[in-house]
Amino acid sequence: RPRDERLARLEEAALQRFQRLARIEEHVKLEPAAASKPPESRIRPESAARVPSEEEIYSRAKQAFDQGNPAQARKGFEELIQRYPSSANSDNAQFWIGETFFREKAYEKAILEYQKVIEKYPKGNKVPGALLKQGYAFLALGDKVNSRLILEEVVRKYPQAPEAKLASDKLKEIR
């Protein structure tokens with residue numbers, strides 16, 4: 001690609017200038033050449049400088065989550081939402097941020113993050129899951145009243161969703 005070729009030529013020219021300067025300095029004994037080393041290029045190769053795609057960010061964050069690193073996963077999901085706010089993966093990323101807190105037993109924070117899924121992405125596929133997990137989080141906090149209300153909402157609003165069956169089963173446990 002023309003841009004890559006231009007960057008390579010600029011880096012080569014910079015290196016040649018540095019080497020020439022080192023020879024001149026050695027000649028006039030300003031500084032021994034052995035002590036000098038080429039400056040790190042400020043021109044970064046495209047592979048290092050390019051912005052990762054939303055799929056790459058999502059995939060890395062999900063992998064971190066699956067490997068048991070919720071803090072790293074959360075950072076990745078937050079980066080995805082920040083860089084690509086209108087991404088088709090934004091609602092999923094927001095849901096997974098809630099999951100990272102749930103996994104860390106930070107249930108209050110998880111509830112708030114799940115609420116963002118419900119409010120920001122009301123038509124998204126993660127709303128039933130976010131509600132279900134809010135119900136679980138309230139239960140984990142010992143708040144059976146709110147847990148029951150939310151789980152009943154899942155069953156009522158999303159009767160065909162797999163989350164409705166899970167909510168229904170959990171309701172039988174806590175009655």
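Tabulated results
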{"item": "Rounded percent of accessible protein surface that carbon and sulfur make up, segment 83-169, 1.4 Å probe", "result": "55"}
{"item": "Difference of contour (0.36 nm per residue) and Cα-Cα distance, Leu149 to Ala88", "result": "19.0 nm"}
{"item": "Sites Glu104 and Arg156 - FRET efficiency at Förster radius 30 Å, r taken between beta-carbons, to 0.05", "result": "0.50"}
{"item": "Potential lengthening between Glu55 and Leu171 on full extension [0.36 nm per residue; Cα-Cα distance subtracted]", "result": "38.1 nm"}
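The values are calculated or read from the model by the stated rules, or taken from the named source; none is laboratory data. Computed from a predicted model, the values in this text were never measured in an experiment. Heads up, the Cβs are rebuilt from the backbone with ideal geometry, glycines too, and the neighbour counts pull from every protein chain shown. Accessible surface areas use protein heavy atoms only, side chains included; no ligands, DNA or RNA. Shrake-Rupley method; radii C 1.70, N 1.55, O 1.52, S 1.80 Å.
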